[in-house]
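Structure, as structure tokens:
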Amino acid sequence: MSENMTRRLTAEDTAFVQTDDKIYDQKFEGKPIGFFRDAWMRFKQNKASVVAAIIILFIVLMAIFAPMFAPYGYREQHTSFGILPPRIPELEKLGICDGSKIIEIQASKLGEYEECLMEVLEEYTWVYRNKEIPMLRIKINQYIYKGAGDYYFWFGTDNIGRDLWVRLWRGTRISLLIGFCSVLINCLIGVVYGSISGYYGGRVDMIMQRIIEIIGGVPFLVMSILFVMFMGAGVTSFILVLILTGWIGMSRMIRAQFYRYKDYEYVLASRTMGAKDRTLIFRHILPNAIGPIITQATFAVPSAIFSESFLSYLGLGIQAPEPSIGVLLAEGQGFLTTDPHLTLFPALVISLLMLAFNLFGNGLRDAFDPRMRGQ
Amino acid sequence: MAKYIVKRILAMVLTLFIIISISFFAIRLIPGDVLGEGANPELRAAMRARYHLDKPLIEQYVIFIKNFLSFDFGESINLYPRRPVFDVIAEKVPLTLVLNIFSLIITIPTGIACGIAAALKKNTLTDHAISTMVVFNVSVPSFVFASLLQYFLAYKLGWFPILLDLKAPFMSGAQLWSMVLPVLALSFGGIATITRYMRAELFEALSSEYMLLARAKGLTQLQATVRHALRNSFIPLCNVIVPMFMSVLSGSMVVETIFNIPGLGSLMTGSISTSDYYLTIAILFVYSLINLTSVLVVDLSYGIVDPRIRIGGGKTRE
């Protein structure tokens, strides 16, 4: 090989060509569509999810503002106005939520109910010890009967006269707070744990997965009961209970994502160019999982709310006087046959909330990953 | 395989040991006096001696563990005074078990049938109706559903008794009739879970290539579906059905409270609220045992149902 065959190129040897030439390619029309914009366009088409999102927004706003503007406090007791049925201005003219209650009395005692009597529904005789007692089934205005004619408890009151409206929204606030906080922390732990486990693999992964197996092996119920016994009931200990095992699902999903993407060429290319582990994990691999993370977090909120109300229902949850939806349901259960409104409203709110979150999650999943549609 | 099972059982024993140890110490932290505040001093001293409460905590723990290892779970303190915990639990288990088994008998076939129907008729009216039902079932908590059933079917319409009929003999017709509502309430969520899995799995199996091969070999669509697609889609169901037993069991705690059923669930809530030390620990132990066993059964059944999955190889597991 002679020397003149190898010649070092300098800057003068190279020149830009075509820089001043006209490009005859067609120009792009419209704006580029990013990941989130793309997802939003698909999400908008799903009517059920949009409605669900609006319902969630409504419930969240009510939970924040309704207790602030309510005329009564959540601990305020009106002891003489125990268990009043719902009464809402305007609606009462239509005959619903008018504070009425149907009771059965002896006909001779009708005089006691003269002022509050609204309607006599049925007359019948009741045979008791061979005596025929004339009975009446009448509809009375419970508010006037109890001397609360000027009050409007929109959702009624409980057995010690606390306003259900304000207690319900305050309970929703606490349920949502527990749901959101626990899911947020679970996501953080799950993402970090899953990333490390999935990215490094090998021995690190093996040890980390064994730890998960041990923690996940203890039944949730047993663990939460022990934990509440240990920590005492309260919002903080509740969030901690939900964190104990809640992050495992998220970390598994993240780990699977890392196993899928870490051998891709673009990751290799970036590593060759000297990218650090941290950059590879957080800049290059993790963003692939943003869709599934959001979807899974959305599904985790209703299950956290469910766990909270389940434990509260068993008497392990939030302590009185602080309400949560589960506490209200448990309190209402005792009056189910006589005063169903105490169960009805909390049941309605929790069912609506969970339904909305599930539908919203379905919509998000379809929007982020159209391949999963309808599964 | 044998080595793997032994390893898993040892891990299980260790977990159980940790659970009872933690519960032993955790339950002491509940505020309130176990022995009742009004009792006279002599009686209190006698009771403290009987339940070993007069010794230092560590010594109590050693005695407790020794007894536990010889299957003596101690005596109930408050809820059923001086009765052995084992007997109390053994008395409550049948009712809870019957309830759970009935619930599973309803849940599994219904769920599978709905899932199959939805997958075969994908994107038709049937599918949409079933999917709506699934979302609804998943969303409404079992205790809300139980209250609704109780109010409308039992109270308003009077078709069923409001509470469980305890006067009727065990498993008699009248008692079974009063069990219908609690069983329905328990089955509600499980049906949705199974339907969802079954639908996804079967749909995936139906669109796979071995189905095409089976059709190419000359099988009818029905034959191919029954012999190939269905069998393959049953495998992942193991993963759902066995843990379901545990979730039904914990769900039954609330349902038992609502329908006034004296089963394991209400025993648990009762024992915690009276801080009945040994009874609570024993019940937590029973629940953990059932849960851990079900997880083990799932893992083992994988290898049996689907030979492609090897257990214990370490490297082949994802």
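The values are calculated or read from the model by the stated rules, or taken from the named source; none is laboratory data. Everything numeric in this text was worked out from a predicted model, so none of it was measured. Backbone-built Cβ (ideal geometry, glycine too); neighbour counts: all protein chains shown.
Details
- Each residue in the stretch B:1-40 was checked for being at pLDDT 75 or above and within 22 Å of residue B:276 (Cβ to Cβ), and 13 pass.
- Wholly enclosed helices (runs of 4 or more DSSP H) of the stretch B:223-305 bearing at least 2 residues within 13 Å of the chain's Cα centre (by Cα) and surrounded by fewer than 20 Cβ atoms within 10 Å (Cβ to Cβ): B:230-258, B:277-305
- Which listed residue, of A:135, A:206, is of a type outside the set (Phe, Trp, Tyr) and part of a strand (DSSP E or B): A:135
- The stretch A:290-318, residues that are away from chain B (no Cβ under 12 Å) and without any contact (Cβ under 8 Å) to a residue 40 or more places away in the chain: none
- Note on the stretch B:1-30: among residues that are more than 11 Å from every other protein chain (Cβ to nearest Cβ) and among the charged types (D, E, K, R), the one that is surrounded by the most Cβ atoms within 10 Å (Cβ to Cβ) is B:7.
- Counted residues, the stretch B:93-118 - those being in contact (Cβ under 8 Å) with a residue 40 or more places away in the chain, surrounded by 15 or more Cβ atoms within 10 Å (Cβ to Cβ), farther than 18 Å from residue B:238 by Cβ and aliphatic (A, V, I, L, M): 5
- Scanning the stretch B:77-92 for residues that are under 16 Å from residue B:166 (Cβ atoms) and in contact with a helix residue (DSSP H, G or I) (Cβ under 6 Å, 6 or more places away or on another chain) turns up just one, B:92.
- When the stretch A:221-238 is limited to residues that are touching a residue at least 60 places away in the same chain (Cβ under 8 Å) and either touching a Lys or Arg at 6+ places or on another chain (Cβ under 7 Å) or crowded, with 20+ Cβ neighbours inside 10 Å (or both), the one that is farthest from the other protein chains (Cβ to nearest Cβ) turns out to be A:238.
- Number of the exception - residue A:140 against (1) closer than 16 Å to residue A:343 by Cα; (2) part of a strand (DSSP E or B); (3) not polar (S, T, N, Q): (1)
- Which listed residue is within 14 Å of another protein chain (Cβ to nearest Cβ) and in contact (Cβ under 8 Å) with a residue 40 or more places away in the chain, from A:195, A:175, A:182: A:175
- Boolean, residue A:93 is farther than 28 Å from residue A:351 by Cβ, basic (Lys, Arg) and under 37 Å from the mean Cα position of the chain (by Cα): yes
- The stretch A:356-375 - residue that is more than 17 Å from the chain's Cα centre (by Cα) and assigned to a helix (DSSP H, G or I) and, of those, modelled with the lowest pLDDT: A:372
- Residue list for the stretch A:100-132, restricted to those being of a type in the set (A, V, I, L, M), in a helix (DSSP H, G or I) and closer than 23 Å to residue A:152 by Cβ: none
- Residue within the stretch B:109-129 that is among the β-branched types (Val, Ile, Thr) and under 25 Å from residue B:269 (Cβ atoms) present: no
- When residues of the stretch A:319-355 are limited to those that are among the β-branched types (Val, Ile, Thr) and outside any helix (DSSP H, G or I), the one nearest to the other protein chains (Cβ to nearest Cβ): A:337
- Candidate set: the stretch B:173-230, residues that are more than 24 Å from residue B:254 (Cβ to Cβ) and basic (Lys, Arg); chosen: the one nearest to the other protein chains (Cβ to nearest Cβ): B:199
- Residue that is nearest to the other protein chains (Cβ to nearest Cβ) [pool: residues in the stretch B:123-170 that are more than 29 Å from residue A:312 (Cα to Cα) and among the small types (Gly, Ala, Ser)]: B:131
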